[in-house]
Amino acid sequence: MMASVTAPKPCEPVFSFFLKFVISGSVWSCWRIKSTGPCLMDLTNFPMDSISCMLTFESYNYNIQEVRMKWNKPHAVLMFKDIELPDFTLVNYTTSIIEAEYAAGLWDELTVSFTFKRRYGWYILQGYIPTYLTIFISWIPFYMSPRAMPARTMIGVNSLLAMTFQFGNIIRNLPRVSYIKVNSLNVFRLYI
């Protein structure tokens, strides 16, 4: 599944652009741009899945005869240590540069690819543990007297309703996909 959203530049009172001219003739420009890039998501193993995202940088007006782009060495990407994503952990990132051929010539394309692993603790606490507790509660009628039919029926029906609502709550917070996710198989397995 491809998830992609774009965001405009941030609206701020201060212009987010820095330009520096070096004595050697080089020009260093720094733009502050807020954007959301495309990520490839395969939710088959959700919530124990990983996600790959990539950002590509390319000059709009100038081909390689006018502007050459390259990654800074040795650290092409600077990561802030105090910034964390609540749902994901950054596992790895890679950088690449290619010369893309268009009808008007060659352009430098700088691409950075990020690999994220989902943090699944919340899903364990909010989805799996309550589901298993409901299953354990549904076993109580097997230990009750056969004459306690109303109590056995009530526990069985309530367990089934609780499972249905828990499964609906989990599914409601996930994107719609055309394939089966592992957590759906887990819940259906527990119904049996």
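Odds and ends about this structure:
- A count restricted to the range 67-100 and to residues that are free of Cβ contacts under 8 Å to residues at least 40 places away in the same chain, surrounded by fewer than 10 Cβ atoms within 10 Å (Cβ to Cβ) and either over 30 Å from Asp49 (Cβ atoms) or not assigned by TED's automatic domain parsing to the domain that holds Met48 (or both) stands at 3.
- Condition met for Lys117 (closer than 30 Å to Met163 by Cβ and at pLDDT 85 or above): yes
- For the range 144-151, the criterion of a residue being within 20 Å of Ile124 (Cβ to Cβ), assigned by TED's automatic domain parsing to the domain that holds Gln126 and not in a helix (DSSP H, G or I) is satisfied by no position.
- Per-region count, the range 86-140, residues part of a strand (DSSP E or B) and within 19 Å of the chain's Cα centre (by Cα): 15
- Gly105 fulfils the conditions (1) on the phi > 0 side of the Ramachandran plot; (2) free of Cβ contacts under 8 Å to residues at least 40 places away in the same chain except for a single criterion, (2).
- Selection status of Ser52, surrounded by 13 or more Cβ atoms within 10 Å (Cβ to Cβ), closer than 25 Å to Ser184 by Cβ, among the small types (Gly, Ala, Ser) and modelled with pLDDT of 85 or more: yes
- Any hit, the range 177-192, residues being over 24 Å from the mean Cα position of the chain (by Cα), among the aliphatic types (A, V, I, L, M) and at pLDDT below 90: yes
- Residues located in the range 17-56, provided they are out of contact with any strand residue (DSSP E or B) (no Cβ under 7 Å at 6 or more places or on another chain) and either among the polar types (S, T, N, Q) or without any contact (Cβ under 8 Å) to a residue 60 or more places away in the chain (or both): Ile23, Ser24, Gly25, Ser26, Arg32, Ile33, Lys34, Ser35, Thr36, Asp42, Thr44, Asn45
- Restricting attention to the range 143-176, the residues being among the β-branched types (Val, Ile, Thr) and modelled with pLDDT under 80 number 2.
The values are calculated or read from the model by the stated rules, or taken from the named source; none is laboratory data. On a predicted model such as this, the values are computed, not experimentally measured, just so you know. Because the Cβ atoms are built from the backbone with ideal geometry, glycine has one as well, and the counts that use them run over all protein chains shown.
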